[in-house]
Amino acid sequence: MTEQTELRETVRARYAVAATAVTQGGGGCCGPQAVEVDATFGATLYPAAQRDELPTEAVAASLGCGNPVAVAELREGERVLDLGSGGGIDVLLSARRVGSAGKAYGLDMTDEMLALALSNAEKADATNVEFLKGNIEAIPLPGNTIDVVISNCVINLSVDKPAVFAETFRVLRPGGRLGISDVVADDHLTTAERAERGSYVSCIAGALTFTEYREGLEAAGFANIEITPTFQAADGMHSAIVRAVKPLDIKPVPTAVPAQDAGSCCGVSACCTTDEQPVDSNLTVADAKSAAGCGCQ
């Protein structure tokens, strides 16, 4: 088992325990027998009025470090995706914000959390929600289909954060936005120093620094990046609001022209004869010539 696989399994197992504790009516998912989280994490970060709108189990299963629904400023009719949706608190709150014309998706890798979220959605009579099983590094949704991506203290748990940023960028439509809460470290803290302040599953050891977070989002293509600390989660570690936008003027990725053999030119074989065929079978003759910049049309 690789280190990444082992870390992912550790996270999955601990949050499965958290979901089971809520389902069985235990002392809440934030208790010492469930998941190691600081007292500043969880449902207390939501206004009482919002907590009162939802099933008790959805509130009890909250393990986040903020309120991404408020951060994202959701609008009527939008399509929202929550990465690492857990017991569904942010999905259910999002569903109410976007209304019947919109939709809220929740993505989680833990069967126990998904079962809890589905139960909570039924109790809340939420009909514009859908929960998906999968990893946030490989989002099971088509590209350019989501208006807003939210997440609540989950990206720091990923073992492949560049993949998360790239996948988030892919599913957002041009002009779509990212509005999340996460734990971020001061730039001077090394990986080892972050690990000294808390474990991976307690949302500390795996956190990126402010610079690493910004550079990761920029590398994925995001613009208008804002990372604003809200409170200290540990020495040099902060809960933060992260906002970014997928630019409207996204340029298409150029299609590479396949290598041509001696009997072909302009992206086609037998060029300028009645037998010409595209080298790339996915293209028409005209498209192949156009892609190759061929003057022989």
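The values are calculated or read from the model by the stated rules, or taken from the named source; none is laboratory data. The model shown is predicted, which means the values in this text are computed figures rather than measured ones. In this analysis, Cβ positions are derived from the backbone assuming ideal geometry, glycine residues included, and neighbour counts consider all displayed protein chains. Surface areas here come from the heavy atoms of the whole protein model, side chains and all, with no ligands, DNA or RNA. Shrake-Rupley method; radii C 1.70, N 1.55, O 1.52, S 1.80 Å.
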Item to complete: Evaluate the following for residue 221: is it under 23 Å from residue 138 (Cα atoms) and either touching a Phe, Trp or Tyr at 6+ places or on another chain (Cβ under 8 Å) or among the hydroxyl-bearing types (Ser, Thr, Tyr) (or both)?
Response: yes
Discussion item. Can you find a residue that is at pLDDT below 95, open to solvent by 10 Å² or more (accessible area, probe 1.4 Å), closer than 20 Å to residue 209 by Cβ and outside any strand (DSSP E or B) anywhere in the stretch 166-175?
Written reply: no
Response to the item:
When every residue in the stretch 180-216 that is in a helix (DSSP H, G or I), open to solvent by 30 Å² or more (accessible area, probe 1.4 Å) and of a type outside the set (Asp, Glu) is compared, the one farthest from residue 163 (Cα to Cα) is 197
Worksheet item: How about the stretch 86-111: which of its residues are surrounded by fewer than 21 Cβ atoms within 10 Å (Cβ to Cβ) and farther than 17 Å from residue 74 by Cα?
Response: 109, 111
Item to complete: Go through (1) surrounded by 19 or more Cβ atoms within 10 Å (Cβ to Cβ); (2) out of contact with any strand residue (DSSP E or B) (no Cβ under 9 Å at 6 or more places or on another chain) and name the single condition residue 219 misses.
Response: (1)
Discussion item. Under 6 Å between Cβ atoms, which residue pairs at least 6 apart in sequence (or on different chains) link something in the stretch 125-146 that is closer than 17 Å to residue 157 by Cβ with a partner that is open to solvent by 30 Å² or more (accessible area, probe 1.4 Å) and in a loop (DSSP other than H, G, I, E, B)?
Written reply: 134/140; 135/109; 137/160
